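Q: Encoded as structure tokens, here's the structure I'll be asking about.
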Amino acid sequence: MPPDPSVTAGELRQDEGRPLSLYVHVPFCSSRCSYCDFFLVTRLDHIEAFFRALAIETCAAGPLFRGRSIKSVHFGGGTPSLVPVRFLAGWLELAASLCTFSSGIEIALEANPEDLSGDAMEELKAAGINRISLGVQSYRQRKLSALGRRHSAEDAMRITTEAVSRFDSVSIDLICGVPGESTGEWLGDLQAALALAAPHISVYMLSVEPKTLLERRIARGLVKVPDEGVQASMYAAAIDRLSAGGYHHYEVSNFAFPGHHSRYNLACWMREPYLGFGPSAHSFMTEGGIERRRANAPSLLRYFDNPAESAAFEEVLSEDERFVEHVFLSLRINRGLDVEFLRKHNKLGLSLPEVTERFIAKEWIVIENGQLLLTAKGFLFADHIAGELISL
């Protein structure tokens, strides 16, 4: 449904005392990876026009965040590290003129290793970037080739080492379940990551998304990915190895040393308000107990046509939708689900004890002080558990 034209900026504005995060979707990539289904474009000659449109959208959204304190800014994509740093710095200056960046603000940028050679890291630091999220994916050359990544294993090691030494916080992405991957290869990736001591590690099991090149290759029998059981064992190995290495498993896919969690991502998972800019970006705002989500169209041409009114979808969340989000996201970050809260939303009034006892017997959950918590094993089944709890 299109956004309600009667909804004003003042109505979308959240409660004054709550923190706010900003997200910018920079949609440019040099090429599309075989497994990727994110919105992106490979026409790099549109970069300057994109940032002109982004400035228009940002100014138009000014009433939503003017004067507010901003806790985090996240440049995602796409590959934000592809664009000249002056464009990122210019947008940060514009945003800072409309709001207040908190003294401890986290400004994060998603980057590929091949973009961070030479003076790139120092230029990013000078622009205000203090957290780098590196799309390493693997430190094994065979895996990188299978994924179609442009950097080498040697580059991945070198750039990670340099980034850890230069930035306040660094996160690396690792993928398991790559075509042809063995358990030994995955353990090698984990060992390399531990040795490099990046303070944040994101672990993803390769997902075969519809309409991707990877899905077509699998359908034609050209490649084969490890089955679910093998991927589950790889995920379990990551939990064991990273936990033993001092990382806190604070979200299904994310592990961090103390103080190095992703502030933007955690804000989203905790259902704190955030504003998104750029094509396909999402926003979540609250006012007077009413929660609204909106999304920009996943089209660069449509975005260029009218960046000041870029939203293509908007909805007010119902009580049931808020309950569903609370259950899924609370389990995702394992912050505890109040059993009494679940009982009040249990439509039958009888099934909850039976379901929780079954999950306890499987060693997926524990209940402590009236709070339902996932075990390390239960993280693998977080969505399944949430699905059963919301269907009661």
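The values are calculated or read from the model by the stated rules, or taken from the named source; none is laboratory data. Given the structure is predicted, the values throughout are model-derived calculations rather than measurements. When we count neighbours, we look across all protein chains shown, and the Cβ atoms used for this are built from the backbone with ideal geometry, even at glycine. Ligands, DNA and RNA are excluded from the accessible area calculation, which covers all protein heavy atoms including side chains. Shrake-Rupley method; radii C 1.70, N 1.55, O 1.52, S 1.80 Å.
Q: Rounded to whole Hz and in sequence order, give me ³J(HN,Hα) for the range 198-204 from the Karplus expression 6.51 cos²θ - 1.76 cosθ + 1.60, θ = phi - 60°, writing x for Gly and Pro.
A: Each residue's phi maps through the Karplus curve to give 4, x, 9, 10, 9, 10, 10 Hz.
Q: So, with a 1.4 angstrom probe, what is the percent of accessible area on the range 193-335 that is carbon and sulfur?
A: Within the range 193-335, the accessible surface is 53 percent carbon and sulfur.
Q: With N set to the residue count of the chain, report its C-alpha Rg divided by 2.2 N^0.38 Å to two decimal places.
A: 1.01
Q: At 1.4 Å probe size, with every protein chain present, just tell me what the per residue accessible area of the chain comes to in Å².
A: Using a 1.4 Å probe on heavy atoms only, each residue of the chain averages 44 Å².
Q: Amide H neighbours of Tyr23 under 5 Å, counting only residues 5+ apart in sequence or on other chains, H built in-plane at 1.01 Å?
A: His74, Leu275, Gly276, Phe277
Q: Over the alpha-carbon set of the range 271-375, work out the extent along each principal axis and list the three values in angstrom, largest first.
A: 56, 27, 21
Q: If the reach is capped at under 22 angstrom between alpha carbons, list the lysines near Lys377, excluding any in the same chain fewer than eight residues apart.
A: Within reach: Lys362.
Q: If you find the alpha carbon centre of the range 313-392 and of the range 156-225, how far apart are they in angstrom?
A: Going from one Cα centre to the other spans 30 Å.
Q: State to the nearest 20 debye the size of the charge dipole of the chain about its Cα centre, where the only charges are +1 on K and R beta carbons and -1 on D and E beta carbons.
A: Value, rounded to 20: 500 debye.
Q: While we're here: For an R0 of 22 angstrom, estimate the FRET efficiency from the Cβ-Cβ distance between Arg166 and Arg86 and round to the nearest 0.05.
A: It comes to 0.65.
Q: Between Rg and the Kirkwood Rh of the range 22-126, both from Cα atoms, what is the Rg to Rh ratio?
A: 0.97
Q: If you don't mind, there's one more thing I want to ask. With Kirkwood's inverse mean 1/r over C-alpha pairs for Rh, give me the Rg to Rh ratio of the range 88-140, two decimals please.
A: 1.05
Q: Next question. Of all beta bridges DSSP finds with both residues in the range 174-285, what is the antiparallel percent, to the nearest 5?
A: The antiparallel fraction comes to roughly 70 percent.
Q: Within the range 88-168, what whole-number % of the accessible surface is contributed by carbon and sulfur, with the 1.4 Å probe and all protein chains included in the calculation?
A: Carbon and sulfur: 45 percent of the exposed surface of the range 88-168.
Q: Here is a follow-up. With no solvent and one equal point scatterer per Cα, compute the Debye intensity ratio I(q)/I(0) for the range 90-208 at 0.19 Å⁻¹ and report its log10, rounded to two decimals.
A: The Debye formula, applied to the Cα set alone, gives -0.97.
Q: Under a Cβ-only charge scheme (Lys and Arg +1, Asp and Glu -1), can you give me the dipole magnitude of the range 38-151 about the Cα centre, in debye to the nearest 20?
A: It works out to roughly 440 debye.
Q: Express in % the proportion of alpha carbon pairs of the range 322-392 at distances exceeding 15 Å.
A: Result: 46 percent of Cα pairs exceed 15 Å.
Q: Over all directions, the average projected area of the alpha-carbon convex hull for the range 179-317 comes to how many nm²?
A: 12.0
Q: For n ≥ 4 DSSP H runs only, could you compute -39500 (n - 2.57) per run for the chain, divide by its residues and tell me the 222 nm figure to the nearest 500?
A: Roughly -11500 deg cm²/dmol at 222 nm, from the helical runs in the chain.
Q: Then there's this: How far, in nm, would the chain grow between Glu154 and Glu122 when pulled straight, counting 0.36 nm per residue and subtracting the alpha carbon separation?
A: Length gained between Glu154 and Glu122: 9.4 nm.
Q: Another question, then. Just need the Rg to Rh number for the range 126-192, please, alpha carbons only, Kirkwood Rh.
A: My calculation of the ratio gives 1.01.
Q: If you don't mind, another one. Pop the C-beta distance of Arg216 and Leu194 into the FRET formula with R0 = 30 Å and round what comes out to the nearest 0.05.
A: Result of the calculation: an efficiency of 0.30.
Q: Next question. Taking a cut-off of 23 Å between Cα atoms, list the lysines near Lys125, but don't count ones fewer than 8 places away on the same chain.
A: Straight-line reach from Lys125, under 23 Å: Lys71.
Q: Report the antiparallel proportion of the DSSP beta bridges in the chain as a percent, rounded to a multiple of 5.
A: So the antiparallel bridges in the chain amount to around 40 percent.
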